[in-house]
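Shown next, in structure tokens, is the structure this report addresses.
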Amino acid sequence: LSVQPIYSTRAHVFQIDPNTKKNWMPTSKHAVTVSYFYDSTRNVYRIISLDGSKAIINSTITPNMTFTKTSHKFGQWADSRANTVYGLGFSSEHHLAKFAEKFAEYKEAARMAKEKSLEKMELASSPSQESPADIHSPLTPPVTADLCRINGTGDDVTLSDVSPNSMLQSDLSPTTPTLAHSPATNKHWEAELAALKSNNAKLTAALLESTANVKQWKQQLAAYQDEAERLHKRVSELESQSSQTNVIKSQKTELNQTIEELECTLKAKEEEMVRLKEEVENAKQLQTQKDELTKKLEDTDMRNKELEEQLADLEQRLESSQVDQESLRKNLKTLLEILDGKIFELTELRDNLAKLIEDS
């Protein structure tokens, strides 16, 4: 092939809805490999992505293209030749920045290649000058890869299956706390429970996929065993033929090598099955931890309800005590007023008695 990969990454791929020209339509169920390629035959740069055997992106980079970041994890560019707009959702801001940097770099390289191509055409059309040598891009692609293996390379990325609208909303809108008025301990347990639920969902999906792979591998192992038995029988038949000793020895060596390769493959599959069983056990342990945390959360909720009831009872008792204190304060004030009147009367009586003593 004349197409060579230059840079690869992984992302969710979208295309603009051709009817509304506003909404995004996902073209891949999961994150796929998106690669920059250099076509040495046409001297152009392309962005190509395959979902299985289907090409979901085949865009030639031109000098008038622009890659736009619409959020810190999502970017897009318009392709007039394909009459569409492509969108990419990345797992991190770093991957988006790297892809945008490469886009600008190869866009500039495409511009320079176009200018050199025009210069080459002008020199070729001039009778007084010789045609220049073939123009190569200033970027030399380091690796040659077959297109059908594109999706096996690139950075490892784990993304949930999300729509671009939800992705953009999560990037642009702040998270609203739903338990702002709950106790701190309740928040802590609910956060841990939510994280465990998320991990449990991912492990369940991985477990289902692993189970399907185990079934497929078992079928392959059975086929390998049948092939090994057939090869053993073939070796026995060849050994029984004494007229072609040299040919038999050669074929026997080849068959023995094939049997060894199949045995190695069988051993690798068995090791993979052991690893998958360990993952299943880990998933069960996480489920047990989830159940324990759920029970603790329920106990915490019950304790919170008891504390709320005690608080309400204390508030009622405090209110009743305040009413009693107010009543006592009023009674003491009334008694003080009466006592002031009695003291005033006693003072007048003393003055009168003193006056009578002086008069006598």
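The values are calculated or read from the model by the stated rules, or taken from the named source; none is laboratory data. Values in this document were obtained by computation on a predicted structure and should not be read as measured data. Neighbour counts are summed over all protein chains in view; Cβ atoms, including those assigned to glycine, are modelled from backbone coordinates with ideal geometry. Heads up: the accessible areas ignore ligands, DNA and RNA and are worked out on the full protein's heavy atoms, side chains in. Shrake-Rupley method; radii C 1.70, N 1.55, O 1.52, S 1.80 Å.
Summed over the residues of the range 48-105 and divided among them, the accessible surface reaches 46 Å² per residue at a probe radius of 1.4 Å.
Determine the alpha carbon to alpha carbon distance for each of K73/K187; K54/K267; K29/K218; K22/K69; K197/K269 and list only those over 23 Å. K73/K187; K54/K267; K29/K218; K197/K269, as the Cα separations exceed 23 Å there. With all protein chains in place and ligands, DNA and RNA left out, the 1.4 Å accessible area ranks E261, E348 as E261, E348, largest first.
Ranked by the mean number of other Cβ atoms within 10 Å of their residues, highest first, the peptides 55-62, 264-271 fall in the order 55-62, 264-271. I need the chymotrypsin sites (Phe, Trp or Tyr not before Pro) found in the range 25-134, filtered to DSSP loop residues with at most 13 other beta carbons within 10 Å of theirs. The qualifying sites: there are none. Summarising the label geometry, the points placed 7 Å from Cα in the beta-carbon direction at E261 and E292 lie 4.9 nm from one another. Residues of the range 1-44 with an amide N closer than 20 Å to a point placed 7 Å from the Cα of R81 along the Cα-to-Cβ direction: 1-8, 14-16, 34-44. When the solvent-accessible area of the range 1-121 is split by element, carbon and sulfur atoms take up 49 percent of it, the probe being 1.4 Å. Using the Cα gyration tensor of the range 1-50, with a ≥ b ≥ c the square roots of its eigenvalues, what is the shape: rounded (a/c below 1.5), prolate (a/b larger than b/c) or oblate (neither)? Taking the square roots of the gyration eigenvalues as a ≥ b ≥ c, the range 1-50 is oblate. As a calculated quantity, the FRET efficiency between N64 and H94 at R0 = 30 Å, using C-beta atoms, amounts to about 0.65. Put a dot 7 Å past the Cα of L318, heading toward its Cβ, do the same for A55, and the two dots end up 7.4 nm apart. Taken per residue, the accessible surface of the range 233-360 reaches 86 Å², heavy atoms only and a 1.4 Å probe.
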